[in-house]
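My questions all concern the structure below.
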Amino acid sequence: TIHGANGYTVSGQAYFQYPQTYPNTYSTSTDRDFVYAQSDYRIFPHLQGLVAYKYEDERGYSGGPSNSIERGNSSYSLLFQGDVKGRLFYTVGTGVEDDELFGVAASPRASLSYAVRRGGDAGPLNGTRIRASFGKGIKEPSIFEQADSLYDQLARLQNGPQLISQYHIGQIGPEWSRTYDAGVDQELFHQRAKVGITYFHNEFTSGIEYIPSQGLLDLGVPASVAAAAVYGATVNSQSFRAQGVEA
């Protein structure tokens with residue numbers, strides 16, 4: 001029985017349409033070890049570069065040790081930042097993921113900032129700056145999400161490889177984000193106050209969620225594949241966006 005803060009109460013089955021004894025136990029484990037190295041170098045007085053490398057050994061299981069997974073992933077970063085005459089500031093770079101699950105993927109990013117009026121300029125409206133940035137982000141599936149994915153569940157079945165080949169079932173992929181923003185900042189009264197306004201637009205795609213068998217059918221998964229995933233599976237089925245203005 002659940003008692004809500006609004007005074008309502010609801011009682012019923014603890015787990016909707018769960019066919020086995022409840023509560024039960026579900027064993028999961030994830031371990032990560034990584035090494036990371038980073039170095040930066042001032043190429044010119046107004047230009048600096050940064051390079052970084054990370055290797056991660058990830059291992060675990062979902063539903064028991066028999067469903068174990070081990071992944072070795074490498075991440076590379078390259079970034080340049082600098083300025084032009086102390087007025088135009090920029091950053092440009094990218095990350096590159098070499099992931100054992102989904103392969104190689106890049107996540108570029110860039111930002112610009114231009115001082116229309118410097119902070120030390122005379123007058124009440126000193127320190128006017130316009131700015132903009134763009135970036136792509138990536139997030140790998142967790143051990144649980146991979147082990148419970150449609151592909152991995154089918155791969156463990158006797159007729160699974162045949163279903164994978166027949167319906168071209170792919171591995172679960174990463175989640176993606178794409179973000180844009182632009183705005184202006186205005187310092188007031190010799191840097192004693194600052195006002196700013198920013199427009200942002202964010203897109204999130206290939207989001208991972210757990211879909212029950214009926215939901216897989218609603219998404220267009222063939223009946224024989226949905227039936228093989230007895231309770232459901234994790235798939236890249238979510239996408240949404242957010243946009244607005246901050247002041």
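For residues in segment 211-230 being touching a helix residue (DSSP H, G or I) at 6+ places or on another chain (Cβ under 8 Å) and surrounded by 15 or more Cβ atoms within 10 Å (Cβ to Cβ), which is nearest to SER149 (Cα to Cα)?
If we take residues in segment 211-230 being touching a helix residue (DSSP H, G or I) at 6+ places or on another chain (Cβ under 8 Å) and surrounded by 15 or more Cβ atoms within 10 Å (Cβ to Cβ), then ALA229 is nearest to SER149 (Cα to Cα).
Follow-up question, since we're still on this one. Determine the pairs where a residue that is basic (Lys, Arg), located within segment 208-220, has a partner that is open to solvent by less than 100 Å² (accessible area, probe 1.4 Å) and in a loop (DSSP other than H, G, I, E, B) with Cβ atoms under 8 Å apart, the partner being 6 or more residues away or on another chain.
Qualifying pairs under 8 Å: none.
In addition: Note down all Cβ pairs under 8 Å where the first residue falls in segment 30-58 and is in contact (Cβ under 8 Å) with a residue 40 or more places away in the chain and closer than 15 Å to GLU97 by Cα, the second is open to solvent by 70 Å² or more (accessible area, probe 1.4 Å) and of a type in the set (Asp, Glu), and they're at least six residues apart or on different chains.
GLU58/ASP31; GLU58/GLU70
While we're looking at this one, here's another question. Determine whether ILE172 is in contact with a Phe, Trp or Tyr (Cβ under 7 Å, 6 or more places away or on another chain), open to solvent by 30 Å² or more (accessible area, probe 1.4 Å) and aliphatic (A, V, I, L, M).
Details: in contact with a Phe, Trp or Tyr (Cβ under 7 Å, 6 or more places away or on another chain): yes; open to solvent by 30 Å² or more (accessible area, probe 1.4 Å): no; aliphatic (A, V, I, L, M): yes.
Spelling it out, it is not the case that ILE172 is in contact with a Phe, Trp or Tyr (Cβ under 7 Å, 6 or more places away or on another chain), open to solvent by 30 Å² or more (accessible area, probe 1.4 Å) and aliphatic (A, V, I, L, M).
All but one of (1) charged (D, E, K, R); (2) at pLDDT 90 or above; (3) under 21 Å from GLU187 (Cα atoms) hold for GLU56, so report the exception by its number.
Failing condition for GLU56: (3).
Residues in segment 132-139: is at least one of a type in the set (S, T, N, Q) and touching a Leu at 6+ places or on another chain (Cβ under 9 Å)?
yes
Further question: What strands (runs of 3 or more DSSP E) lie completely within segment 148-247 and have 2 or more residues being under 22 Å from the mean Cα position of the chain (by Cα), at pLDDT below 95 and of a type outside the set (Phe, Trp, Tyr)?
Values: elements: 175-188, 193-212, 232-246.
So the answer is 193-212, 232-246.
I'm told THR91 meets every condition in (1) hydroxyl-bearing (Ser, Thr, Tyr); (2) under 30 Å from LEU157 (Cα atoms); (3) at pLDDT 90 or above except one. Can you identify the failing condition by its number?
For THR91, the exception is condition (2).
Just one of the numbered conditions (1) in contact with a strand residue (DSSP E or B) (Cβ under 6 Å, 6 or more places away or on another chain); (2) surrounded by 14 or more Cβ atoms within 10 Å (Cβ to Cβ) is not true of VAL195; which one?
(2)
The values are calculated or read from the model by the stated rules, or taken from the named source; none is laboratory data. What you see is a predicted model; the values in this text were computed from it and never measured. Note: ideal-geometry Cβ built from the backbone for every residue, glycine included; neighbour counts use all protein chains shown. Note: areas computed on protein heavy atoms with side chains; ligands, DNA, RNA excluded. Shrake-Rupley method; radii C 1.70, N 1.55, O 1.52, S 1.80 Å.
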